[in-house]
1. List, please: which pairs have Cβ atoms under 6 Å, are six or more places apart or on different chains, and start with a residue in segment 281-309 that is polar (S, T, N, Q) and surrounded by 15 or more Cβ atoms within 10 Å (Cβ to Cβ) and end with one that is at pLDDT 95 or above and assigned to a helix (DSSP H, G or I)?
2. Could you identify the single residue in Ala123, Ala105 that is among the aliphatic types (A, V, I, L, M), crowded, with 24+ Cβ neighbours inside 10 Å and either in the same structural domain as Gln48 (by TED's automatic domain parsing) or in contact with a strand residue (DSSP E or B) (Cβ under 9 Å, 6 or more places away or on another chain) (or both)?
3. May I ask you to list the residues in segment 180-213 that are among the hydroxyl-bearing types (Ser, Thr, Tyr) and not in a strand (DSSP E or B)?
4. Would you pick out the residues in segment 202-233 that are hydroxyl-bearing (Ser, Thr, Tyr) and either surrounded by fewer than 22 Cβ atoms within 10 Å (Cβ to Cβ) or touching a Phe, Trp or Tyr at 6+ places or on another chain (Cβ under 8 Å) (or both)?
5. When residues of segment 175-212 are filtered for being under 21 Å from Lys143 (Cβ atoms) and hydrophobic (A, V, I, L, M, F, W, C), how many remain?
6. Which of the residues spanning segment 1-27 are surrounded by fewer than 21 Cβ atoms within 10 Å (Cβ to Cβ) and either among the hydroxyl-bearing types (Ser, Thr, Tyr) or free of Cβ contacts under 8 Å to residues at least 40 places away in the same chain (or both)?
7. Against the condition polar (S, T, N, Q), in contact with a Gly (Cβ under 7 Å, 6 or more places away or on another chain) and either in the same structural domain as Val299 (by TED's automatic domain parsing) or under 21 Å from Leu261 (Cα atoms) (or both), how does Thr222 come out, does it pass?
8. Can you tell me which residue is surrounded by the most Cβ atoms within 10 Å (Cβ to Cβ) among those in segment 156-200 that are in contact with a Ser or Thr (Cβ under 8 Å, 6 or more places away or on another chain) and among the basic types (Lys, Arg)?
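The values are calculated or read from the model by the stated rules, or taken from the named source; none is laboratory data. Everything numeric in this text was worked out from a predicted model, so none of it was measured. In this analysis, Cβ positions are derived from the backbone assuming ideal geometry, glycine residues included, and neighbour counts consider all displayed protein chains.
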Amino acid sequence: MKDTRSGFGAGLYEAAKENENIVAMCADLTGSLKMDKFKAEFPERFFQAGIAEANMISAAAGMTIGGKIPFVGTFAEFASGRVYDQIRQSVAYSGKNVKIAASHAGLTLGEDGATHQTMEDIALMKVLPGMVVINPCDFNQTKAATIAAARYNGPVYLRFGRPKVPVFTEENQKFEIGKAVKMKEGTDVTIFATGHLVYKSLEAYEILKQKGISAEIINIHTIKPLDVKAVIESVSKTKAVVTAEEHLFNGGLGDSIAQILALSLPTPMEYVAVNDKFGESGTGDQLMKKYDIDTENIVEAAIKVIGRK
């Protein structure tokens, strides 16, 4: 069990060894973002912005003009909502090579409560022209995604979390931005999952299998650009869809999948996501259960959507 934020820290360190132009900035959350090793090994390439997130984004955009590749780190709520104007104007509009490292995303931030739990950040980021949006599922995939983001030329929003979760993807995996990963083959329903909900979907797969239902599990680690080919190929076979995410119904992975299907392949579909609510304080497990984004909710959605074929 490892947290995905540690995967970011490990990936940032490896990427920095590979490319001396990588720099890092943090908004007074170095320990929470697991940027300590980078800071210790490359002190001349680390900048503490303090609790001044908007200034941090603007400074990072300026650094790219001199050829630097800045990773800016803070909680996802502050990395998206608090600095949206700076991201839109200074980063996305001019295609600056800034990597936004957004930790503690979703409900599983837990006890810090609604003010720190962002479930609308994917919606905010994916509508920005040219912005890549990545939401990996475990330590290994987050590490690989961070290295891939460093090699990519352009703005990236990299979303990851606080809790320790199972590590179930390959240690030295090849991460391709915009390329979905099929975790399980199936014929009755496709479950498209992202972030922490990927493992929950694999748990649902086993329960559905016991019920005689064959589910295909696809890990959508990159929400934008979305792997349209993988979506169409899978849904053409199963003819039923569930999307699972730690985000609001509106504007998340589910809406991206629904858009593809509406244009190309109208299909029965169910969302597993938070339904138009803010979060509250509690453990990550308690909140996932209360807000209906747990394993049993994926199972129920799969059975329901199969009945709508």
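1. Close Cβ pairs satisfying both conditions: Thr295/Lys200; Thr295/Glu203; Thr295/Ala204.
2. Ala105
3. Here is the first cut: in segment 180-213, the residues among the hydroxyl-bearing types (Ser, Thr, Tyr) are 187, 190, 194, 199, 201, 205.
Those that are among the hydroxyl-bearing types (Ser, Thr, Tyr) and not in a strand (DSSP E or B): Thr187, Thr194, Tyr199, Ser201, Tyr205.
4. From segment 202-233, those hydroxyl-bearing (Ser, Thr, Tyr) are 205, 214, 222; that's our starting set.
Within segment 202-233, just Ser214 meets the criteria.
5. Total satisfying the criteria: 9.
6. Ser6, Lys17, Glu20
7. yes
8. Residue satisfying both the conditions and the ranking: Lys200.
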